[in-house]
Amino acid sequence: MAAQKLPLGEHVRMVMLQFNSSKPTFIPRGLMDWLIEMGRETPEKRAARKSYPVAGIPVIEPTLQCSLREMPAALETAGYELADVLHEERLDGKDPAGKRTYHMIRFVFVRREVAEVSDDFKAVRNMARDGLRHICESAFWRVRSFLNPFYQDGEAIEGLNAASVNMEVRVPLLQPNGVPITARLKNQWGKAVGDPLPLRPDFFLRIVDNTVSLIEA
């Protein structure tokens, strides 16, 4: 598999970890109680979102069975500060009737030297960190990422970028009672062998040498 890496540094002003799932239960209840609600998306809002110019460069192609358990702490170590969390119930474009939705939650990290964090968010930031850590540790995800222009007041700032890391296709690791989900390994003929074991990722998303890297497990 070819290396898939997303460089960080002062030129990457913002990193967004965005999780999408049809079931809101992946978001810890405490997090849902206080996070910033954007409301339920209307067809007009979806059309406006889809019409927004996309100039991002794909960096990490869609990759299944990824563990992100190390990412929250690694981003802060790399010089990024959790500055905001947003949630929206969005319309599923695959449903022509417009009745099916999915939940988007986005954790916004900003370079520490330029981060502007509201006092309201500072008061709940530790809870937000706990919620993000739970989301990353309780499931594997399909991961893809883009390097986008960085916009300020509606204008792209030359020389600056914003990285978007998107997670879909959630594979839960825990049962509702907190017990790990297990499965038997399969041999080369697809036959289950051995005792059931906790699920293992195929890849880890890690920060190595100031670069977000997809690494085979």
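The values are calculated or read from the model by the stated rules, or taken from the named source; none is laboratory data. Quick caveat, the model's predicted, so the values are computed rather than measured. A quick note on method: Cβ atoms are made from the backbone with ideal geometry, for glycine too, and the neighbour counts reach across all protein chains shown.
Among the residues making up the stretch 50-91, those that are loosely packed, with under 14 Cβ neighbours inside 10 Å, outside any helix (DSSP H, G or I) and at pLDDT below 85 are 52, 53, 54, 55. Inspection of the stretch 147-167 finds a residue satisfying the criterion of being closer than 25 Å to residue 34 by Cα and of a type in the set (A, V, I, L, M, F, W, C). Taking the numbered list (1) in a strand (DSSP E or B); (2) touching a residue at least 24 places away in the same chain (Cβ under 8 Å) in turn, residue 183 passes all entries but (2). The residue that is nearest to the chain's Cα centre (by Cα), counting only those in the stretch 190-207 that are in a strand (DSSP E or B) and free of Cβ contacts under 8 Å to residues at least 24 places away in the same chain, is 197. For first residues located in the stretch 117-135 and more than 17 Å from residue 29 (Cα to Cα), partners that are in a helix (DSSP H, G or I) and basic (Lys, Arg) and lie 6+ apart or on another chain with Cβ distances below 8 Å form the pairs 117/125.
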